[in-house]
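The structure appears right after this line, and notes come after that.
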Number of protein chains: 2
Amino acid sequence: MKGNDAVGFSALAATAAIVGFSAVASEHADGNGAPIFLSEIPQGYRDWQLIAVSRLIRGDGSSQLRAELGNDVAIKAYHEGKLPFPDGAIIAALHWNEVSSEDNNHVLAKGFPGAGIQSFVPGLGVNMQFMAKDSKKYAATGGWGFGDFTNGKPSAEKLMQTCFACHQPAKDHDFVFTRYAP
Amino acid sequence: MKGNDAVGFSALAATAAIVGFSAVASEHADGNGAPIFLSEIPQGYRDWQLIAVSRLIRGDGSSQLRAELGNDVAIKAYHEGKLPFPDGAIIAALHWNEVSSEDNNHVLAKGFPGAGIQSFVPGLGVNMQFMAKDSKKYAATGGWGFGDFTNGKPSAEKLMQTCFACHQPAKDHDFVFTRYAP
């Protein structure tokens, strides 16, 4: 049993499929034998700079807090408005279950009674997703290698087909949905 | 008229007061003539590393997406579990209005009809808040200098009294509420 089973891993996995980003098993070969999905989590991703934050309400009404980070190559491209992203750019999307912060709410309720303010913070991590740019290696998927990891391990192969297709509508922004938050 | 007036600056300012973090005018003097609030936005804050994300539902039901960032000194202290934070640590809290992403929702609805998934992204910035540690300079407020900025300018002096008082319940964590998100 994986650690996430205790908090509804099945539902989370289903949502991961629903939201349509990539899932990854080990390296998969395209017609030329080249890997088209990420099989390992890029090193140092947690120290990368912030691109933006976001939130996703899932089909069951639960909510995820999300942060999108970029490595130096990706951040430089964002700052310069450079498209397509150059080879070497990697974008990380970290997804947590959103949980109510009882500690924060206690403070807020005490200091400002009746104001109805509610604070939410990251709970357990759900999954992490990556897009790594290598225009030759990942030519078949817009130059991006997609990856989805849960508990540090690449997700099931059955999800991997959805990654690139779902990013197609963002083609004019090199298949990247996230914009830099000011 | 400030730029934010068009999107309800008054309500935002009121909320800033309600949530009880600091507001800042120019430098204020304590009994020794030392400044006790930040009068300028720390340089380079947007490139700092991510501590966590959060969300705040305000009294009017509207929602803010938030990111807490730390400079190198603050991040190192988080990683080492070092308390109190050493002098030089600065924590930034960036607050945006949460807005529905029609673009993302269009993709999600098309790819996964009926799933009821909703995407939210940062809209206009509301305000930015900072805590800067200098145990001597800001001795009167737990060693922290607080700052609140809207449209790049320090907020009204009337709010500044609430900063430290509201952080008191987090005294066991050196007056810092935000925990590092894994």
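The values are calculated or read from the model by the stated rules, or taken from the named source; none is laboratory data. Keep in mind that what you see is a predicted model, and the values were worked out from it rather than measured. Cβ sites come from the backbone with ideal geometry, for glycine too, and all protein chains shown count toward neighbours. With ligands, DNA and RNA removed, areas are computed over all heavy atoms of the protein, side chains included. Shrake-Rupley method; radii C 1.70, N 1.55, O 1.52, S 1.80 Å.
Using only Cα atoms, locate the centre of region A:104-182 and the centre of region B:115-182, then give the distance between them in Å, rounded to an integer.
If we compute the Cα centre of each part, the gap is 26 Å.
With no solvent and one point per C-alpha, what does the Debye sum give as log10 I(q)/I(0) for region A:56-182 at q = 0.21 Å⁻¹?
So the normalised log intensities work out to -1.25.
Between the label point of residue B:72 and that of the same position in each other copy, find the distances and list them shortest first in nm, with every label point placed 7 Å from Cα along the Cα-to-C-beta direction.
For residue B:72, the other copies' label points sit at 1.3 nm, shortest first.
Between residue A:43 and the same site in the other copies, what are the distances in nm, shortest first, taking label points 7 Å from Cα along the C-beta direction?
3.2
Along Cα→Cβ at 7 Å, what distances in nm separate the residue B:152 label point from those on the other copies, shortest first?
Here the equivalent label points are 4.5 nm apart from this one.
Heavy-atom accessible surface, probe 1.4 Å, ligands and DNA/RNA ignored: which residues of region B:88-115 lose at least 50 Å² versus the isolated chain?
Correct list: B:96, B:107, B:112.
Probe radius 1.4 Å, ligands and nucleic acids left out: which of B:83, B:94 has the largest accessible area, and how do the rest follow?
Ranked list, largest accessible area first: B:83, B:94.
For the cross-link pairs A:133/A:171; A:158/B:110; A:110/B:153; A:171/B:110; A:76/A:133; B:76/B:136, which exceed 18 Å when the distance is taken from alpha carbon to alpha carbon?
Too far apart for the 18 Å limit: A:158/B:110; A:110/B:153; B:76/B:136.
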